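**Q** Take this structure first; my questions come after.
Here, each number is a calculation from the coordinates, and none is a lab measurement. Predicted model, so just to flag it, every value in this text is computed and none were measured. A quick note on method: Cβ atoms are made from the backbone with ideal geometry, for glycine too, and the neighbour counts reach across all protein chains shown.
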Amino acid sequence: MTNAEFRDLVEKCLEGSATPEEERAVVDAAEASPRRARFLRLVVEFDASLHTLRWDPDAFARRVAGRLRHEGHAGAFARRLRRRIEREGAGPGFRPRRAASRRLRPRAGGLRSARWVLAAALLVAVGAAALLLRDRGPGSSGPHRSQDVAGVAPPGEAPQGGVSASNGLPRTPVLVERGRSPRPPTDADQARDPAGDPMPSSASAAKTPAAPSIPQAMPGTASAPAHTTTVIARVESVSGDVSLDVGGVFEAVEPGLALVSGRVIRTAEASRCVLRLLDGSRLEAGAATRVSVAASDAAGGPEDGGVLRIDLAGGRIEADVARRPDGRSWVFSTAHADAVVLGTRLALEVDGSRTRLDVRHGRVRFVRKTDRSELLVASGQYAVVGHRLAMGLMSLDDRVRPVPAPPPDRALLFPPDAGHVDVKLRYGAKGDGLADDTDAIQRAISDHLDTFNRLIYLPNGIYRVTRPLEGKSPDGRYHFGMQLVGQSRERTVIRLQDACPGYQDPASPRAVIRTAVRDGLEGNEGYRNAVMNLTIDTGRGNPGAVGIDFLAQGSGAIRDVTVRSGDGLGSAGISMRRRWPGPCLLRNVLVSGFDVGIDVAHREYGVTLEHVTLERQGTSGLRYDENVVAVRALVSRNACPAVVGSGSPSLLVLLDSRLTGGAPDGDAVVVDGGAVVARGVCVAGYGGSARLRGDRLPPGSVAEVCAGLPGLSPPRAPTLPVEEPPELPPDDPASWERVEGTGTIAIQKAVDAGRPVVYLPFGQYWIDRPVRVRGAVRRIVGMNSLIHPQPALGDQPVFRFESPQKAVLLEHLMGSGWIEDASPGALVLRHVYGFAYRNVKGCGPLFAEDAPGGPWILDHPQKAWLRSCTVHGEDVAFRNAGGALWILGYRTGGPLSVAETTRGGETEALGGVVYPSTRVPPDRPMFRCVDSRQLVAVAPRSYVPNGIHRLLVAETRGDALQEIETPPMPIAHATIEPDAPGPTRRLMPTPSAQAAWDARLLDRLREAIASGDRPRFACSLVGSDVEVLDVDDRGGLSIRSGAASAVVPWTPLSLEDRRRLALAVLRKGVAGDHALAAFYHLAVGMREMAEAHLRRAGSAAEEVRASFR
């Protein structure tokens, strides 16, 4: 049977005039020839689709007939097909005829009869015409060649009519459009060609430069289509049931299929599909997935450097994105977020009300659609966004990793004449665990509460107490400066008597140690209170006990301390609920037992915790309310939440921590108010990593999260590496060098004596020239002595460090004046109060702990790590010119700027309280950054008019200056890197401009509806695609989704909804429509797409730009 005979029999079968023998001959011929079988399937399915359409068949028939006339096919088959469509589609008598297609189904050839929708009809018609007219069409000669139905030559054969000989593709990557749906265009449709440029004809296609090759022919590609669209990818492999969604009707997908812009791929359960894009990128759709790939709605397809958009409606995709030479980005979009990438390996999953992004390699900017908050997801991280989910970065590696190791325990020994107060030698404390040592220790404290605060020293032993040890003088007046120092952490124990009276009521808790402020138990003058190098044991049977009731401001520390309950009972290990705690430092602390491990309250002034371990708590490990808590290296081993926070002005910074234990239905971190910045937090055993202001993070390790903060969310790098201060080996007090005298000469003589340790016996010292720290000295112990700079010193430093040692430590010293660092080794300042710091070129790293004073001036490149610093002044607290400055926990007072970063420096200042308490000049920013990088998390506080900085940051890059105003709440801010894919700051339209453009969009909607269109867009209020039927006088939209209809007011529509509406009414090439689209793209932060529309907006482009602040 010849092809012509086979064609005639098929036509007779379709018309119902074939005999049973002729029908059998058609089936036999199809079973014998795969090419004829495929042709028969296409024709039968096309015939079936003409008779089963659910919309108006008359209109459909007219469109298809018009398309055939436009294509200009003169073959007999095309003419008869056109006449039949016009005849049968002309009136109400048009009805399905299923008999022919049913009889023509072969016995065993895999032929299926599917109901094609509008998008398949044109491809079948043109493809069938191309096949049947091949031998009789103009220019044909010779015998019939083996060629695909749609006119594509098999691999390796020379194609005809504008088809590439290497791969069977047209020289321009174009494909026949498989029909057009009568629905209004969607985002994907609008994305193909916003400029409305005419598609290439067969003649122009032959002149177009070759596109990236695809290894094999794509069935369905035509040599010279008249209606074409961009080829985005081809199907590389298929497993299971995979279909192409064309207007709600599904076509089976086979390997080699060319995928055009906007087409939707669906995979069934246990199925997968791999796409290879023209730029070499690979996209794999997993089971139960719906995904489409489209050229940008503003920049064209991949061949002209446009943005590619992948829309994931559900399921999971994995992508290996090739970096494009033009640097243009990809956008992966779901209902919850957009992921903007340049080149990476990633996986994206939509599951109900959330979207998860996994990044295997590279970096991806992840943008939440509701508020355009952004994350920068790096290699080895994932992020989850959705309803009631916090936006945060999680680690793909959920192994519980060790936190940075705490410093080792050390024995503290002093020379007998150092000026400390030994409670055994001077006050008769026994320390044997039997005698009641309460009175002896209290007398030692009370006798030395003065402005200078001696160290109260407890040698090794067990000191039994029966009532609180308090910071009060012999006359009963409370005072600051209580400093208890033990000989060793494990062997110096203050132990509360078991079942001690006064400690039995949890509702009226009572402390073992209670610090004070000037003239009271509450206030803001609790200077230099400290508990160091010992253990507090609350015994057994004391449910109302508190280990340490701690209050300190500006300076103060709990360091190298264990607080434990013998039976786990007790109100709190460390309580800081009296007004107003902080700034103070808790470092290398273990709390075991109690209802709450550490309890912090009130708005001021910030608490810093580092290397803190919490275990066996009953209700929470760390609890805070309204205050600022900066935490690093927290270890929690608890069944209860590790951290519980509340209060709208609060700020939690949580870094490099490990939270284990938990319960399957519990969360490691629970914060009901305020802001959170967390990074590098390993979580194991809990049902959720965190619940932040009602939004939950999934279980796993938190790479980075920023919740409840305006501005960037979370802020980006610099993420500076954190180093621990060097620990110096202990030295025998017999080898220490004593300062004999009270002036500069005496101190310099001791320094030059060649001993490793120099100590200043407790007292006062007058300095009239710089003390040069050099030679063998590696430690200077001040014993809380006071330094007085003399007028002759001028601007010279009090101490100039020039030591060649690897590290030098200065500790327990008060005073004023400059410390100048010229030492090539590390300088450690610990419990040093009142000094300012500056460096010189070539100096080594700086470490400071509990060091109020300042300013801190790094005029030369240097690495510096500061913990718990308080600075008051008029100019700037921290100046960093080209260095790397890391600050954890700080407070500033006065109208000064907090930090100034210049000359390419990097500053990371986390957990700060800015409290000017006076008027700040309106042109003085809180932070200044000039061609540098900085990351800050800060809580502003103000109780006077104009008592806070008007400007949060003044950032200069090149000649451009950007100023950001300060919000009245905790805030995080990061500089913008011009070479990274984001995040970008979102431009905000002025209110008047917003109203004007909204009015234009409503007018354009009315115009489109009046012309017969039904604009269609994805409405976030409804959660699905809707058609707009009408617009009332107030801007209310009458919409329809399926069989349901409703009226949606204009005001609740988000900017994202309005952007989609602008695309739905876009007439490509119309400047006003492109201006509308550009405005709303800018309003939602999609600058790259907005710029492409602005290029087509003509004179309206400047009006769009002028609409934004």
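**Q** Hey, fewest Cβ within 10 Å first, where do K806, K841 land in order?
**A** The order, fewest Cβ neighbours first, is K841, K806.
**Q** Can you list residues whose amide H is under 5 Å from L496's amide H, if they're 5+ apart or on another chain and H is modeled 1.01 Å from N?
**A** V465, D537, T538, G539
**Q** Roughly speaking, what is the stretch gain from A1044 to V840, that is 0.36 nm per residue apart minus the C-alpha to C-alpha distance, in nm to one decimal?
**A** This chain segment gains 66.0 nm when fully extended.
**Q** Once fully extended, how much extra length lies between R540 and A288, figured as 0.36 nm per residue of separation less the alpha-carbon to alpha-carbon distance?
**A** Once the chain is fully extended between R540 and A288, it gains 84.8 nm.
**Q** Now for a separate question. What net charge is computed for the residues neighbouring A848, neighbours being all others with C-beta under 9 Å from the C-beta of A848, Lys and Arg scored +1, Asp and Glu -1?
**A** Within the 9 Å Cβ shell, the charges total 0.
**Q** Follow-up question, since we're still on this one. Fewest Cβ neighbours within 10 Å first, please rank L609, L697 accordingly.
**A** Ordered by Cβ neighbours within 10 Å, fewest first: L697, L609.
**Q** At a threshold of 8 angstrom on Cα-Cα distance, excluding pairs fewer than six apart, so keeping six or more, what relative contact order does the stretch 421-575 reach in percent?
**A** Across the stretch 421-575, relative contact order equals 20 percent.
**Q** Please give me the summed charge of the neighbours of P861: other residues whose Cβ is under 10 Å from its Cβ, Lys and Arg +1, Asp and Glu -1. Walk me through the numbers on the way to the answer.
**A** On the way: positive: K841, K863, R903; negative: D859.
That sum, taken over residues with Cβ under 10 Å, equals +2.
**Q** Going by a ≥ b ≥ c, the root eigenvalues of the Cα gyration tensor, does the stretch 455-543 fall in the rounded group (a/c under 1.5), the prolate group (a/b larger than b/c) or the oblate group?
**A** oblate
**Q** Within a 10 angstrom radius of the beta carbon, how do H361, H479, H420, H448 rank from fewest other beta carbons to most?
**A** Placing the least packed residue first, the sequence is H361, H448, H420, H479.
**Q** Right, something else. Non-local amide H neighbours of G1069 (under 5 Å, H modeled in plane, Pro and chain starts lacking H): which ones?
**A** Distant-sequence amide H within range of G1069: G196.
**Q** Using only alpha carbon pairs under 8 Å that are at least six residues apart, calculate the relative contact order of the stretch 236-289 and give it in whole percent.
**A** 37 percent
**Q** Further question: Taking the Cβ-Cβ separation of S353 and S17 as r and a Förster radius of 56 Å, what is the calculated FRET efficiency to the nearest 0.05?
**A** E(calc), rounded to 0.05, equals 0.45.
**Q** In terms of Cα to Cα distance under 23 Å, which lysines are near enough to K472, apart from those fewer than 8 places away along the same chain?
**A** Cross-link targets: K424, K430.
**Q** Oh, and also: Under 5 Å between amide H atoms, partner at least 5 residues away or on a different chain: which partners does V246 have, H built in plane at 1.01 Å?
**A** E251
**Q** For the stretch 421-575, just say rounded, prolate or oblate: build the C-alpha gyration tensor, square-root its eigenvalues into a ≥ b ≥ c, call rounded for a/c under 1.5, and beyond that prolate if a/b exceeds b/c, oblate if not.
**A** Judged from the Cα gyration tensor, the stretch 421-575 comes out oblate (a/c at least 1.5, b/c at or above a/b).
**Q** Could I ask something else about it? To the nearest Å, what is the center-to-center distance of the stretch 641-680 and the stretch 259-291, using C-alpha atoms only?
**A** 39 Å
**Q** Ok, one more. How much net charge surrounds P1049 when only other residues with a Cβ under 11 Å from its Cβ are counted (Lys, Arg +1; Asp, Glu -1)?
**A** 0
**Q** What whole-number distance in Å separates the alpha-carbon centres of the stretch 1014-1070 and the stretch 915-944?
**A** Value for the Cα centre distance between the two parts: 43 Å.
**Q** Normalised by the number of residues in the stretch 1014-1109, what is the relative contact order in percent for Cα pairs under 8 Å and 6+ residues apart?
**A** 18 percent
**Q** Below 18 Å, Cα to Cα, which lysines can K841 reach? Residues fewer than 8 away in the same chain don't count.
**A** Within the straight-line limit of under 18 Å, K841 reaches these lysines: K806, K863.
**Q** May I pose another question? Working out 0.36 nm times the residue gap between D672 and S1011, then minus their Cα-Cα distance, what length gain in nm do you get to one decimal? Kindly include the intermediate steps, with their values, before the conclusion.
**A** Numbers: separation 339, 0.36 × 339 = 122.04 nm, distance 5.19 nm.
Full extension from D672 to S1011 adds 116.9 nm.
**Q** With a/c under 1.5 counting as rounded, go ahead and sort the stretch 733-772 into rounded, prolate or oblate using the C-alpha gyration tensor (a ≥ b ≥ c being the square roots of the eigenvalues; past the cut-off, prolate if a/b is larger than b/c, else oblate).
**A** oblate
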